[in-house]
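Working notes, beginning with the structure itself.
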Amino acid sequence: MKIAIMGKIHPDGLEIFNKNNIENYEIDSFDDEDLAIKLSDVDGIVIRTASLNSKILSKCKNLKIVSRHGVGYDNVDSNYLSNNHIALAITGTSNSVSVAEHVMTMFLYLTKKINLSNNLVKSGNFKKKSELPDFFELYQKNILIVGFGRIGQELAKRCLGFDMIVYVHDPFVSEKLIVSKGCININKEEGLKIADYISIHVPLNDKTKNFISFKEFDFTKNNLILVNTARGGIINEEALLDALKKNKINSAGLDVFENEPPIENHPFFKEDNILLSPHNAALTLECRKRMSVEACENVLNFLTNDSNLNKDNIINLKFLI
């Protein structure tokens, strides 16, 4: 049995293979030709952010499972895997807390305008605090959570802890579940209209691309704080830039971009009402350990028919039967 690790992961995960005497090795060059050779005889792949297309996958004659170090899998040709009865796994239980905390950090930073207060003190202008622009409370504000999987539910807990009014839009989740979590089910348009805060937690696909674009910003509140830690492209970047420039919304926080890394001198970099991070919402130390372990456990348990396999992590399970 041979496992390839595409990208560096925390050693806690590698220890799972090592203690079971399973050959594993790290790949740090992602050139198509190199990958075709290095992956030709592997049984499993643990992958971070590199791409695995059908051209490369077609060379993997022994491959049985690809395990993503994370929950998104748009960097892997999932159709090829399903059509060829190769499992695709995610680390579904690992990153929800870290991402939810990242969203709350962005909410608080943008709401309280922490950077301006910090700059005021450091510049020796402590007594000019009355000149700072208004900042606000999260208390009793409306938040719309788009997507109510594990991350959305963890975020809801934290928002409820701030006594926010939590609305959820997710057509794939029952209203009964949403209500049981202390939240309110709502459709997209009504949710966008009443939201003081919006956080995105859906995958990027044909239905979610440009989920929020020019027309949506025509009826959002001008005090809206919009955060996306899911995938770039769900919020149209041109539309968001236009909304920020014209003060159609208060501000935005982005951990993800349509192209990563974003281009040099991206127009966002010039705007004062946007907070950016380098797609690292899930990269706390604790989360990196959990993702590494879960990604490797997915591979080990699947290949050894272990009853401990979390089948909920196998996103194309129905194609494997």
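The values are calculated or read from the model by the stated rules, or taken from the named source; none is laboratory data. Since the structure is predicted, the reported quantities are computational estimates derived from the model, not experimental observations. Heads up, the Cβs are rebuilt from the backbone with ideal geometry, glycines too, and the neighbour counts pull from every protein chain shown.
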Can you tell me how many residues in segment 212-263 are part of a loop (DSSP other than H, G, I, E, B), in contact with a strand residue (DSSP E or B) (Cβ under 7 Å, 6 or more places away or on another chain) and within 19 Å of residue 187 (Cα to Cα)?
2
Mind listing whichever residues of segment 295-321 are assigned to a helix (DSSP H, G or I) and of a type in the set (Gly, Ala, Ser)?
295
Starting from segment 199-216, keep only residues that are within 15 Å of residue 168 (Cβ to Cβ), then list their pairs with residues that are outside any helix (DSSP H, G or I) and hydroxyl-bearing (Ser, Thr, Tyr) whose Cβ atoms are within a distance under 8 Å, requiring at least 6 positions of separation or different chains.
199/229; 200/229; 201/229; 202/208
Filter result for residue 214 (surrounded by fewer than 18 Cβ atoms within 10 Å (Cβ to Cβ), in contact with a Lys or Arg (Cβ under 7 Å, 6 or more places away or on another chain) and hydrophobic (A, V, I, L, M, F, W, C)):
no
By residue number, the members of segment 297-321 that are within 14 Å of residue 90 (Cβ to Cβ) and of a type in the set (Asp, Glu) are 297, 312
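Here's the yes/no breakdown for (1) assigned by TED's automatic domain parsing to the domain that holds residue 46; (2) more than 13 Å from the chain's Cα centre (by Cα); (3) at pLDDT 95 or above:
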| site | (1), (2), (3) |
| --- | --- |
| 248 | no, yes, yes |
| 251 | no, yes, yes |
| 254 | no, no, yes |
| 257 | no, no, yes |
| 260 | no, yes, no |
| 270 | no, yes, yes |
| 294 | yes, yes, yes |
Complete set of residues in segment 2-26 that are free of Cβ contacts under 8 Å to residues at least 60 places away in the same chain, crowded, with 18+ Cβ neighbours inside 10 Å and either under 16 Å from residue 52 (Cβ atoms) or among the β-branched types (Val, Ile, Thr) (or both)
4, 5, 6
Could you tell me which residue of segment 296-312 is farthest from the chain's Cα centre (by Cα), considering only residues that are of a type in the set (D, E, K, R) and surrounded by fewer than 13 Cβ atoms within 10 Å (Cβ to Cβ)?
306
Here the qualifying pairs (Cβ atoms under 8 Å; residues six or more apart or on different chains; first in segment 162-187 and of a type in the set (Phe, Trp, Tyr); second assigned to a loop (DSSP other than H, G, I, E, B)) come out as 162/138; 162/139; 167/183; 167/186; 167/195
Tell me the residue from 120, 155 that is within 23 Å of residue 255 (Cβ to Cβ) and either crowded, with 19+ Cβ neighbours inside 10 Å or assigned by TED's automatic domain parsing to the domain that holds residue 203 (or both), please.
155
